[in-house]
1. How large is the charge dipole for region 55-122, taken about the Cα centre, if only the Cβ atoms of Lys, Arg (+1) and Asp, Glu (-1) carry charge, to the nearest 20 debye?
2. Which distance in Å, rounded to a whole number, links the C-alpha centroids of region 200-214 and region 255-305?
3. Points 7 angstrom from Cα along the Cβ direction at Ser157 and Arg28: gap in nanometres?
4. So, with +1 on the Cβ of K and R and -1 on the Cβ of D and E, and no other charges, what is the size of the charge dipole of region 213-311 about its Cα centre, to the nearest 20 debye?
5. Testing the spin-label approximation: label points 7 Å from Cα along Cα→Cβ at Lys74 and Trp108. State their distance in nm.
6. What does the highest-first list of 25-31, 225-231 look like by mean Cβ count within 10 Å?
7. Per the helix-only calculation at 222 nm, which mean residue ellipticity applies to the chain, given -39500 (n - 2.57) for every DSSP H run of n ≥ 4 and division by its residues, nearest 500 deg cm²/dmol?
8. Take the solvent-accessible surface of the protein heavy atoms, probe 1.4 Å, and return the percent of it on region 222-351 that carbon and sulfur atoms account for.
Amino acid sequence: MNSQRDQAYLKTRVGIYASRLLSAEDIRILKQMSLHQLGERFDLLPIFEQEIETRQKSGLVEHQLLQQLMNELKVLLRPLSGRSRGLILYWPRKYELYNLKTLIQGKWNNLGIQEIRHNLYALPENIRLPHEALLQAENVQEMLRQLERGPYSQIASQARTIYEEQHENFSLGAAIDRLYYTGMLAQANITDCSDKRGLKKAIGCMVDRQNILWLMRYRLVYQFAPSEVYYLLIPYGGQIQRDKLMELANVEGLDTIIEQLPDPFHSLLAGSANITDARQRLDFWVSDELRKLMLGSRDGVVAALCYLISRDTDIWRLYAIIQGKLLGMTNELLDEAVSGIKGSSSSEEAA
């Protein structure tokens, strides 16, 4: 994206969309609203009024909210070309990687094709995997081999090697997550964005957040050995680099891990009661950092990426609230559901 006109268009569009982002107070208010009020505010009433099962309503809400995000993505892509467009298009590929892990898990567990298909996200053609061909694949290796011929080739090739070496579903899912983030960092390194510092800071925030949560889960929940924990982390982040990660992988106990984190994470997470509490604090920190970058960066690509990540988080917070209401959750359970939003990797959700 070279012209000042394109930059102006993108920054203006992000500015308009930014009014849709939710504050902590907005989220508090939404949790107090009824399903009818939420339906009116977010154009979901036709779904809520259908005489269908709760699971079906939940699925339709999820589809509609994701479609809103994809529509905004299409608008933000309009002025972009070249490597800037490639970077913004890379971000939503995480949803197709969710689909890939769903396909792999379904194949691993011998689920029926229709059941697997029902759990896949419907995404735009330019980032969509060949679902039907993958569903017909004989096994996981063949599925990954097919993907080596397309835009997911690097992730698929490395994932297939890991799967063939370990033949274990968790390691494969964790590898796909890790490869996604390293791919995002690689995209940032080659883009023609004028504010690379801001771009790398945005991606670094996501990577640091992910590494801290993976570290806690792998070490404290799964009780993996330090060497295995370090292998599963992304070796370069924003403020936590390789040497520090290696040191943290050897630490035991939540309080001790937090004590040895560098600031701002040490101060941010001090006194966290558990990993869920830590995740909620990290999520709000990431949201705050991205919104500052979105408003402060002179580059439209940085602003657009920060907006999309923030909007994605908000949409899944809203979805968690609606799903909780549909299921009749108590306020306490709803608070926990909102902190455990999607946007987390499958290996994180599995904990």
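The values are calculated or read from the model by the stated rules, or taken from the named source; none is laboratory data. The structure presented is a predicted model; accordingly, all values stated were derived computationally and were not measured. Glycine gets a Cβ as well: all are built from the backbone with ideal geometry, and neighbour counts include every protein chain shown. Surface accessibility is based on the protein's heavy atoms, side chains included, excluding ligands, DNA and RNA. Shrake-Rupley method; radii C 1.70, N 1.55, O 1.52, S 1.80 Å.
1. Working: 11 positive and 4 negative charges, 36 e Å.
Roughly 180 debye for region 55-122.
2. 8
3. 5.2
4. 400
5. If labels sit at Lys74 and Trp108, their model points lie 3.4 nm apart.
6. Values: 25-31: 14.0, 225-231: 15.7.
Most protected by this proxy first, the peptides run 225-231, 25-31.
7. On the way: 21 runs with 247 residues, N = 351.
Mean residue ellipticity, 222 nm, calculated: -21500 deg cm²/dmol.
8. Working: 2700 of 5500 Å².
Of all accessible area on region 222-351, carbon and sulfur atoms account for 49 percent.
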